[in-house]
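A.B. asks: Right, I'll just put the structure down here and ask away after.
The values are calculated or read from the model by the stated rules, or taken from the named source; none is laboratory data. This structure is a prediction, so every number in the text was calculated from the model and none was measured. Neighbour counts run over all protein chains shown; Cβ positions are idealised from the backbone, glycine included. Side chains are part of the model used for accessible areas, which takes the heavy atoms of the whole protein and leaves out ligands, DNA and RNA. Shrake-Rupley method; radii C 1.70, N 1.55, O 1.52, S 1.80 Å.
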Amino acid sequence: EAAKQPVNELATKWIGQSGFPLVSVKVEGRKVTLSQRRYYSEPEVRSPETWPVPMVLRFEDASGVREQRVLFRDAQTTVTLEGGSGDVKWLCANGGSTGFYRGAYEKPALDALAANLGTLAPSERISLLADMFALVRSAQAPVADLLDLAARFRDEEDEAVLEELVGRLGYIENRLTEGEDQERFRRWVEQLLGGGLKKLGWQAAQGEPDRVRLRRAALVRAVGGLARSPQVLAEARPLVQRMLQGDKSALDANLLDTAVGMVARAGDSALFDDLSQRMPKEPDPATQRRYLMALTAFEDATLAERAQGLLFTETVKTQDVASFATGLLGNRTGRDAWWAHLQKNWKDLVARTGAAPMLLRRVV
């Protein structure tokens, strides 16, 4: 009664029905055409469900930025934007990113959003990236559309948005590219985000806000970890060496996992031996785990094989078995042989984890 909204209708429909909607958005002048269907991540799957979808349309016209609330009940409807004047410059169909639905914008509406990212809230930029990625994964949009959108985030300064961006680009690099395409993609990422890292540098200024430190960490992960920039690797090596020699000021805490991992990935037997010897003696659990996971990253074939031999030893504690096995499965050099080995020795892995479902599911 206080809300003056159909709470029973909304609650009953959302609770009694699986899934959530994908809302398609088309903007023409001041008219917005909305259509909905259930979102599936599996391509070509369709079903007829619809929901009463509470939506916040946030848009900009000649009078400034405005919001309009819509309860979208049908499979399709057309909404006329009220108040203000003139054509709509851009429209975000999930204002504040509080709606429980995916958004799919027709190209002109998507291009308008991409051209005005700075006027969107960070949460809205995150949703835009996440929704586009969901469309790509479900084969409802080409990966090129995601890359075109990602290219607009060159000057992104919000650490949470960068986290989202780097995560999606990491999926593409790891799962969707190989060979020459993979190398071209890495260079593209380096060109996109390398300038931001160069501007920030590796060292945090005195009194630097945490948000800036987290932004730097995301950029190091993108340019050094994902794009494998030779320059960033060269910068990381002496910093990691200083850290290993006891200089706690060498690397900001937010950079340690990525820096140690990328240096280990290109590391030699001396570094492998050093980390192997440090790991069991390390009193700090976080540092011990960092060294342990770095051992799974070495891409030298001999060292990758040595790391694989550690899983069924006491070097890897029970609680770390799943993470260590997964790290080895992510190693580009050794993963094919390691996967074949795991299949042949699955019973040993089950025994090593104590048959704990929460550990085994991570490996699967």
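A.B. asks: List, largest first, the extents of the alpha carbons of segment 159-250 along their principal axes, each in whole Å.
C.D. replies: That gives 39, 28, 19 Å along the principal axes, largest extent first.
A.B. asks: Next up: With θ set to phi - 60°, apply the Karplus curve 6.51 cos²θ - 1.76 cosθ + 1.60 along segment 223-237 and write out the HN-Hα couplings as whole Hz, x wherever there is a Gly or Pro.
C.D. replies: With coefficients 6.51, -1.76 and 1.60, one gets 7, x, x, 6, 7, 6, 4, x, 5, 5, 4, 5, 6, 6, 4 Hz.
A.B. asks: Bin by bin, in steps of 10 Å, what percent of the Cα pairs in segment 86-157 do you find, going until the bin that has the longest distance?
C.D. replies: Over segment 86-157, the share of Cα pairs per 10 Å bin runs 20, 56, 23, 1 percent.
A.B. asks: Further, regarding this structure: Can you tell me the Rg and the Dmax, both Å, for the Cα atoms in the chain?
C.D. replies: 24.2, 71
A.B. asks: For segment 92-176, state which trypsin sites (Lys or Arg not before Pro) are in a DSSP loop and have at most 16 other beta carbons lying within 10 Å of their beta carbon.
C.D. replies: Details: sites: Arg102, Arg125, Arg137, Arg152, Arg154, Arg168, Arg175; in loops: Arg154.
The qualifying sites are Arg154.
A.B. asks: Non-local amide H neighbours of Glu28 (under 5 Å, H modeled in plane, Pro and chain starts lacking H): which ones?
C.D. replies: Placed amide hydrogens put Thr33 under 5 Å from Glu28.
A.B. asks: Give a quick list of GluC sites (Glu not before Pro) in segment 252-327 that DSSP marks as loop, anything other than H, G, I, E or B, with at most 15 other Cβ atoms within 10 Å.
C.D. replies: Glu299, Glu314
A.B. asks: Of all accessible surface on the chain at a 1.4 Å probe, what whole percent is carbon and sulfur?
C.D. replies: Values: 9430 of 18780 Å².
Using a 1.4 Å probe with all protein chains present, the chain comes out at 50 percent carbon and sulfur.
A.B. asks: Shifting gears a bit: Counting pairs of Cα atoms in segment 245-364, how many percent are more than 18 Å apart?
C.D. replies: When all Cα pairs of segment 245-364 are counted, 50 percent exceed 18 Å.
A.B. asks: Kindly give the semi-axes, whole Å and largest first, of the ellipsoid equivalent to segment 208-292, taking each as the square root of 5 times a Cα gyration tensor eigenvalue. Please report the intermediate quantities before stating the final value.
C.D. replies: On the way: eigenvalues 86, 52, 23 Å².
Equivalent ellipsoid of segment 208-292: 21, 16, 11 Å, largest first.
A.B. asks: Mean shadow of segment 1-81, computed from the convex hull of its alpha carbons, in nm²?
C.D. replies: Values: hull surface 27.5 nm².
About 6.9 nm², averaged over all directions.
A.B. asks: If the chain between Ala355 and Ala2 were fully stretched, how many nm would it gain, using 0.36 nm times the residue separation less the Cα-Cα distance?
C.D. replies: Difference between extended and current length: 121.9 nm.
A.B. asks: For segment 322-336, take each phi angle, set θ = phi - 60°, evaluate the Karplus expression 6.51 cos²θ - 1.76 cosθ + 1.60, and give the result in whole Hz per residue in order, putting x for glycine and proline.
C.D. replies: For segment 322-336, the Karplus curve yields 4, 5, 5, 4, 5, x, 5, 5, x, 7, 4, 6, x, 5, 5 Hz.
A.B. asks: Quick one: how many Å² of Val7 are accessible to a 1.4 Å probe, rounded to 10?
C.D. replies: 90 Å²
A.B. asks: Now, a different point. Over all directions, what mean area does the Cα convex hull of segment 304-364 project, stated in square nanometres?
C.D. replies: 3.6 nm²
A.B. asks: Excluding ligands and nucleic acids, what accessible area in Å² is computed for Ser269 using a 1.4 Å probe, to the nearest 10?
C.D. replies: The value for Ser269 is about 60 Å².
A.B. asks: Treating only the Cα positions of segment 9-167 as identical point scatterers, give the base-10 log of I(q)/I(0) from the Debye formula at each q in 0.10, 0.13, 0.18 Å⁻¹.
C.D. replies: Calculated log10 I(q)/I(0) at the listed q: -0.35, -0.60, -1.16.
A.B. asks: Tell me, what is the per residue accessible area of the chain in Å², probe radius 1.4 Å?
C.D. replies: 52 Å²
A.B. asks: Taking 7 Å along the Cα-to-C-beta vector as the label spot, tell me the Arg242-Thr315 distance in nanometres, rounded to one decimal.
C.D. replies: 3.0 nm
A.B. asks: Moving to a separate point now. Only loop residues by DSSP count here, and only those with at most 15 other Cβ atoms within 10 Å; note down the GluC sites (Glu not before Pro) in segment 107-200 that meet that.
C.D. replies: Of the GluC sites (Glu not before Pro), the ones in loops of segment 107-200 whose Cβ has at most 15 other Cβ atoms within 10 Å are Glu157, Glu178.
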